[in-house]
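Student: This is the structure, below, for whatever I ask next.
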Amino acid sequence: MIEQRTYTAPELQGVHWLNSAPLSIQTLRGTVVLLFFWDYTCIRSLRMLEYIKELHERYQEDGLIVIGVHTPAFEFAGKVEPLEEYLYERRINFPVLMDNNRATFELYRNGETPAIAIIGPEGSIRSQYHGRGEQQSIEREVQIQLKNSGILDKLHFPMDAHRPEEEPGVVCSRETPRIYFGYLKGSMGNKEGFNPESIYTYDDPGVYLPGRFYLDGVWRSGRHSMILEQIVSDEGYIVIRYEGREVFALIGHEGNQTIRLDVLQDGAYLTPENKGGDVEIDNSRQSYIKLDAPRLLHLVTNKEPSEHVLKISSQTIGVEMYSLTFIPGVVPELFGKN
């Protein structure tokens, strides 16, 4: 969604800078600045990051200043080393401010990541964006601001969409909203409910409402996650009924060893046709993921958007569930008609 704004851009506040010495909005007056609010544990942020990186490469010689404001939703993502490693691996070389206390994020009146604010040379916010499928609008606004500033040497054709659901004007299917597991924002379906900072035994009810997660086993309710504390009947697991084409999970583990989690959909193991990029299939045709540290995992890629029941199970205690994100697909009969 695009919002046209005109108010003085707040100053940047954060705990640490990467790829740059500290910058300020005041000293950047006279330039066009794009602030990209993101989180490397959020798949929507990472997909938007691809476009932001391309914008930086296209327009940095024309005077565009891109600043990433990394605003993590979870404490572990606020550490310097993993973020530094992430930037290095993906060759992100524009400045990144670590906004661990969300101060800058809140000053710019954002809701969730990803979000973008474009600041004109006079130091005022010209427009703000959040959502998907706006990459061409963002680029047009950048071009307008650079051209009005008299510093744009040449125009580029707008960037192409990287995925069908990001094409301008397409109609996407419904997707289940992002699911959080901690008691602060979580949407549990078990009748037992949350027991904050406590350990409780949960029973799988066998009937699942869309958009809620269900537990089986002994789990501890944390502020931002659910942690498997004890195995009952050989495994502990979560179940979710969802709508969408792709599924991404943010999962951690309290131990130091690499563990295995099995992944099933609609009561069956995933196949090469519908498994996500982080799922492996063993010699018994069982689908699973390996986990050695908290990270974002691509679990499912269905051929078309539809409703399914997803199960993630573990035979090892210490599994920590943070969130699930569901990506829609294009409604096939409407694709290409807008």
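Student: Only one residue in 301, 316 is assigned to a loop (DSSP other than H, G, I, E, B), touching a Gly at 6+ places or on another chain (Cβ under 9 Å) and of a type in the set (Ser, Thr, Tyr). Which one?
Tutor: None of the other options fit; the residue is 316.
Student: Identify the residue in the stretch 109-164 that is among the aliphatic types (A, V, I, L, M) and in a loop (DSSP other than H, G, I, E, B) and, among all such residues, is surrounded by the most Cβ atoms within 10 Å (Cβ to Cβ).
Tutor: So, considering only residues that are among the aliphatic types (A, V, I, L, M) and in a loop (DSSP other than H, G, I, E, B), the one surrounded by the most Cβ atoms within 10 Å (Cβ to Cβ) is 152.
Student: What is the residue count in the stretch 191-243 for residues that are under 24 Å from the mean Cα position of the chain (by Cα) and on the phi > 0 side of the Ramachandran plot?
Tutor: Qualifying residue count, the stretch 191-243: 1.
Student: Would you mention how many residues in the stretch 103-115 are of a type outside the set (Gly, Ala, Ser), over 20 Å from residue 178 (Cα atoms) and either in contact (Cβ under 8 Å) with a residue 40 or more places away in the chain or not assigned by TED's automatic domain parsing to the domain that holds residue 49 (or both)?
Tutor: Residues flagged as of a type outside the set (Gly, Ala, Ser), over 20 Å from residue 178 (Cα atoms) and either in contact (Cβ under 8 Å) with a residue 40 or more places away in the chain or not assigned by TED's automatic domain parsing to the domain that holds residue 49 (or both) within the stretch 103-115 amount to 3.
Student: Can I ask one more? Cβ contacts < 7 Å: first residue touching a residue at least 12 places away in the same chain (Cβ under 8 Å), restricted to the stretch 255-269; second residue crowded, with 17+ Cβ neighbours inside 10 Å and basic (Lys, Arg), any location; separation 6+ or different chain. Result?
Tutor: Once the first residue is touching a residue at least 12 places away in the same chain (Cβ under 8 Å) and sits in the stretch 255-269, its partners that are crowded, with 17+ Cβ neighbours inside 10 Å and basic (Lys, Arg) give 264/311.
Student: Now for a different question. For residues in the stretch 177-209 being touching a Phe, Trp or Tyr at 6+ places or on another chain (Cβ under 7 Å) and either among the basic types (Lys, Arg) or in contact (Cβ under 8 Å) with a residue 40 or more places away in the chain (or both), which is nearest to residue 310 (Cα to Cα)?
Tutor: Per the stated criteria, the residue is 208.
Student: Is it the case, given these coordinates, that residue 138 is closer than 19 Å to residue 23 by Cα and among the β-branched types (Val, Ile, Thr)?
Tutor: The answer is no for residue 138.
Student: So, one more: Here are 307, 273: which of them is surrounded by fewer than 19 Cβ atoms within 10 Å (Cβ to Cβ) and under 20 Å from residue 215 (Cα atoms)?
Tutor: That would be 307, the only listed residue that is surrounded by fewer than 19 Cβ atoms within 10 Å (Cβ to Cβ) and under 20 Å from residue 215 (Cα atoms).
Student: Pick from the stretch 53-74 the residues that are β-branched (Val, Ile, Thr) and not in a loop (DSSP other than H, G, I, E, B): which of them is nearest to residue 249 (Cα to Cα)?
Tutor: Filtering the stretch 53-74 for residues that are β-branched (Val, Ile, Thr) and not in a loop (DSSP other than H, G, I, E, B), the one nearest to residue 249 (Cα to Cα) comes out as 69.
Student: Looking at this structure, is residue 290 surrounded by fewer than 17 Cβ atoms within 10 Å (Cβ to Cβ), under 21 Å from the mean Cα position of the chain (by Cα) and modelled with pLDDT of 95 or more?
Tutor: yes
Student: May I ask you to list the residues in the stretch 225-250 that are buried (at least 17 other Cβ atoms within 10 Å of the Cβ), under 22 Å from residue 316 (Cα atoms) and charged (D, E, K, R)?
Tutor: Listed by number, the list holds a single entry, 229.
Student: Scanning the stretch 1-40 for residues that are assigned to a loop (DSSP other than H, G, I, E, B) and of a type in the set (A, V, I, L, M, F, W, C), which turns out modelled with the lowest pLDDT?
Tutor: Among those that are assigned to a loop (DSSP other than H, G, I, E, B) and of a type in the set (A, V, I, L, M, F, W, C), it is 1.
Student: List every residue pair whose Cβ atoms sit under 8 Å apart, with the two residues 6 or more apart in sequence or on different chains, where the first one lies in the stretch 212-225 and is among the aliphatic types (A, V, I, L, M) and the second, anywhere, is in a loop (DSSP other than H, G, I, E, B).
Tutor: Correct list of pairs: 215/190; 215/204; 218/231.
The values are calculated or read from the model by the stated rules, or taken from the named source; none is laboratory data. None of the values given here were measured: they were computed from a predicted structure. Methodologically, a virtual Cβ is constructed for each residue, glycine included, from the backbone with ideal geometry; neighbour enumeration extends over all protein chains shown.
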